[in-house]
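**Q** Here it is, the structure, as structure tokens.
The values are calculated or read from the model by the stated rules, or taken from the named source; none is laboratory data. Because the structure is a prediction, the values reported are computed rather than measured. Glycine gets a Cβ as well: all are built from the backbone with ideal geometry, and neighbour counts include every protein chain shown. Surface accessibility is based on the protein's heavy atoms, side chains included, excluding ligands, DNA and RNA. Shrake-Rupley method; radii C 1.70, N 1.55, O 1.52, S 1.80 Å.
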Amino acid sequence: MPHRLTLPRRGLLAGLAAGGAAALLPPLRQARAAEGLPPRPAATAAPRQHDWTFRAAPRPARLLGAEGPESTVWTYTDALLPVLRIQLGDSITARLDNALPEHTTIHWHGVRVPNAMDGVQYVTQPPVEPGQSFTYRLTPPDTGTFFLHPHCNEPGQVGRGMAAVLLVDGDMQAPANADITLVCKDWRIAPDGSWLPFETAAGAGRAGTFGTRRAVNGVAGFAAEVPAHGDIRLRLLNLDATRTITPGVEGAEAWVIATDGNPIAPVPLDKWRLGPAMRLDLLLRAPTAGTVFTLQDLFAREPVPLGRFTAVASPLAPRPFRPAPLYAPGIPRADLASAERLPFVFSSALGASGAVADLPPDDPFAKILMDALCVGDQTFWAINKSTWPGGDHRQLPPPLAELKAGRSYIFELQNTTPHPHPIHLHGHTFEVLSQSRQDNPPHLADTVLLQAREKAEIAFVAREGNWMLHCHVLEHLGTGMMGWVRVKA
């Protein structure tokens, strides 16, 4: 059953003893995410400034193995799916140089950036055209496992490899004996190394177009060695355009310690589904030297191996395994008693409108109308019966909602379709209060998976700016299931 409201047993018995009068019962208490986690101690090291340059460009790679044909990927750096690491409190200055044949940006997925740094063409910044540069400046306010990607032509740009991982350290009471990042992203590639179409009408109108080669960290058959009896942190990121995965571990006991990078009171790993853009941090105890444990995707007819880990000799001794919780997050928490509730229905585009508002020509949203790179040429999906945008793209829908900065909100999300939709809200970390078809405890996230015909409730404190709200199946957001909310001071 989904986790919802809990009533203390003592209060329930007292109410029954009083004759069942509802007025005598104590108020219902909502179970909250990340309760009981230890507070983070004050930082002892001075914050650092990181100066990075990303050159988005075509580069060669062998995605079908070292002996396979060469493919042309698009990446931010010479490394495929690079991992960037900073400490909480550090600041970033990142210059994006565009050497691609089309415009691009960097969206800092899950990072609560200032709105001007959110990396959405026309909405928060001009597109970075070929030969141009743009500089991002941010100080991530939270620890966690985040990632970077563009926000127009995502199927084509992300499909070719445009993504990077950002780790913000400072959440562990004691460092793990091994900390391994695992990026799950399939390649839609032909046997000769050429790219297959990233978008298809059949896929866009259903669950999405799947890749032809499953991969972790860019390779098939990922393997690593870990210290025997060590505490191993696996940072699992689903950066695929389409695929939902259900991680499972065979050969070791695994616990969930963070969701979308945000700390959670440790719970045993059990059927936690990750849609595109979602992350799960696991902590497990490695077995004895010479033995193996495997990470698998259980969301398949037969388990699909994602990683094979071999324990090697180490000075660590066997001992009881009690996962230490991460430090409590500093996320503003919604006041559920005063929160305004707003409904959002994710549906097919049948009967929806994509041209319902006239915008002044100087409005930044109006400029997207001339840019087909950011929207598809077909419309299949809608949010609250509005699509982004429809028809000839001459007009855009109005904001899905207008909010007030600093106020608490509960979004009531409903998927009326037979396909899953991972819903991402830019600029915010929200609390997932309930899910009607998934037995997850309340947790913090930036993306929530709505399974077919599922409802969910998310709560957050609104931040000023224009923020996107969309499905992260990449073909869905480009064919209608995308909108925005306006938050005013």
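**Q** If I filter the range 304-321 for residues that are assigned to a strand (DSSP E or B), open to solvent by 10 Å² or more (accessible area, probe 1.4 Å) and either within 30 Å of residue 457 (Cα to Cα) or touching a helix residue (DSSP H, G or I) at 6+ places or on another chain (Cβ under 7 Å) (or both), do I get at least one hit?
**A** no
**Q** Does residue 408 meet the test of being of a type in the set (S, T, N, Q), open to solvent by 10 Å² or more (accessible area, probe 1.4 Å) and touching a Lys or Arg at 6+ places or on another chain (Cβ under 8 Å)?
**A** For residue 408, the condition - of a type in the set (S, T, N, Q), open to solvent by 10 Å² or more (accessible area, probe 1.4 Å) and touching a Lys or Arg at 6+ places or on another chain (Cβ under 8 Å) - is not met.
**Q** Hey, another quick one. Would you be able to tell me the number of residues in the range 327-353 that are modelled with pLDDT under 95, more than 26 Å from the chain's Cα centre (by Cα) and among the small types (Gly, Ala, Ser)?
**A** 3
**Q** Now for a separate question. Could you tell me how many of the residues in the range 322-345 are among the β-branched types (Val, Ile, Thr) and outside any strand (DSSP E or B)?
**A** 1
Residue by residue, here is whether (1) in contact with a Ser or Thr (Cβ under 8 Å, 6 or more places away or on another chain); (2) among the aromatic types (Phe, Trp, Tyr) holds:
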| position | (1), (2) |
| --- | --- |
| 294 | no, no |
| 304 | no, no |
| 311 | yes, no |
| 314 | no, no |
| 321 | no, yes |
| 325 | no, no |
| 331 | yes, no |
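**Q** Of all residues in the range 433-476, count the ones that are over 21 Å from residue 115 (Cα atoms), hydrophobic (A, V, I, L, M, F, W, C), open to solvent by 10 Å² or more (accessible area, probe 1.4 Å) and in a strand (DSSP E or B).
**A** Residues in the range 433-476 being over 21 Å from residue 115 (Cα atoms), hydrophobic (A, V, I, L, M, F, W, C), open to solvent by 10 Å² or more (accessible area, probe 1.4 Å) and in a strand (DSSP E or B): 0 in total.
**Q** Hey, can you tell me all the residues within the range 262-299 that are more than 23 Å from residue 166 (Cα to Cα), open to solvent by 10 Å² or more (accessible area, probe 1.4 Å) and in a strand (DSSP E or B)?
**A** Within the range 262-299, 267, 268, 285, 292, 294, 296 meet the criteria.
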